[in-house]
Amino acid sequence: DAKTTQPPSMDCAEGRAANLPCNHSTISGNEYVYWYRQIHSQGPQYIIHGLKNNETNEMASLIITEDRKSSTLILPHATLRDTAVYYCIEGDYKLSFGAGTTVTVRA
Amino acid sequence: GAVVSQHPSWVICKSGTSVKIECRSLDFQATTMFWYRQFPKQSLMLMATSNEGSKATYEQGVEKDKFLINHASLTLSTLTVTSAHPEDSSFYICSARPPGLSYGYTFGSGTRLTVV
């Protein structure tokens, strides 16, 4: 079963940063935090993952709290094409998806 | 980047027939692949773990005799939905992880199965 908690929906303004929160209070020491997104009728797209350090790539930044019980995904400049369901997952071997956050970027 | 390819993208079959879905890792070897199912307006549900050269491991509640998984090579896993019924209509997605901790799990584009 999914072990993370995310808000069901968020609206973001185009061109602004989008900050997506996630709680994973039961995460164990060897489990990573993964973020994926899914656009309707497509397979999930990998965004970023991390263990305990903050991570950044060309798509996003991942900020993980020191106690690792929560994290924030940051999309630095949201575009309309970032509208999707975003999933935060804790796992080390197989990934179980929760309900995710439906993010709508508005012009 | 690492790519996982699924085929077919969509399939329509008659009730009672079987359907095979292929999942290939195109530029890496995958000893383990994962199969998910997604119903409309719901999240992905992990069905099973496909292991190269050995039996698949099924999640609780998933019928192993109905969803046959074969992982015959390091780049190919197949899911066969046997004696399909309309309630098996769903979006089936596979995933695999390229070697190396810098990579996340890569997902295929999914297969839309409609049983009529």
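Every number in this text was worked out from the coordinates using simple rules, so none of it is lab data. This one's a predicted model, so the numbers in the text were calculated from it and none came from an experiment. Here Cβ is always computed from backbone atoms with ideal geometry, including for glycine, and neighbour counts include all displayed protein chains.
The table below lists the values:
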| read-out | value |
| --- | --- |
| Simple Cβ-charge dipole of the range A:1-105, Lys/Arg +1 and Asp/Glu -1, about Cα centre, in debye nearest 20 | 80 |
| Over 31 Å between alpha carbons, listed pairs A:69/B:55; A:69/B:64; A:69/B:41; B:14/B:64 | A:69/B:55; A:69/B:64 |
| Residue order, fewest to most surrounding Cβ atoms within 10 angstrom, among B:95, A:61, B:90, B:18 | B:18, A:61, B:90, B:95 |
| For the range A:1-62, convex hull of alpha carbons as volume per residue, Å³ | 126 |
| Under 5 Å, built H, 5+ apart or other chain: amide partners of residue A:3 | A:90 |
| Rg/Rh for the protein assembly as shown, where both radii come from Cα atoms and Rh is the Kirkwood radius | 0.98 |
| Max mean-square fluctuation residue, GNM over chain A, Cα-Cα springs under 10 Å, options A:14, A:31, A:58 | A:58 |
| Approximate spin-label separation residue B:102-residue B:51, in nm, with each point projected 7 Å along Cα-to-Cβ | 3.0 |
| Burial ordering of A:49, A:40, fewest other beta-carbon atoms within 10 Å first | A:40, A:49 |
| Nonlocal amide H pairs with residue A:83, under 5 Å, H built at 1.01 Å | A:105 |
| Quarter of Cα convex hull surface for the range A:28-107, i.e. mean projection, nm² | 5.6 |
| For the protein assembly as shown, with +1 on Lys and Arg beta carbons and -1 on Asp and Glu, the positive-most of A:56, B:82, B:62 along the dipole | B:82 |
| All-pairs alpha carbon distance profile, chain B, 5 Å steps from 0, percent | 2, 13, 23, 25, 20, 10, 4, 1, 0 |
| Surrounding net charge for residue A:67, when Lys and Arg each add one and Asp and Glu each subtract one, Cβ distance under 15 Å | 0 |
| Residue-count net charge about residue B:4 - beta-carbon cut-off 14 Å; Lys, Arg +1, Asp, Glu -1 | 0 |
| ³J(HN,Hα), Karplus 6.51/-1.76/1.60, whole Hz, each residue of the range A:12-19, x for Gly, Pro | 9, 8, 4, x, 9, 6, 10, 10 |
| For chain A, Cys with no neighbouring Cys Cβ under 4.7 Å | A:12 |
| Summed residue charge, Cβ within 12 Å of residue B:97's Cβ, Lys/Arg positive, Asp/Glu negative | 0 |
| Under 18 Å from the Cα of residue B:66 - aspartates and glutamates, other chains or at least 8 residues apart | B:22, B:87, B:88 |
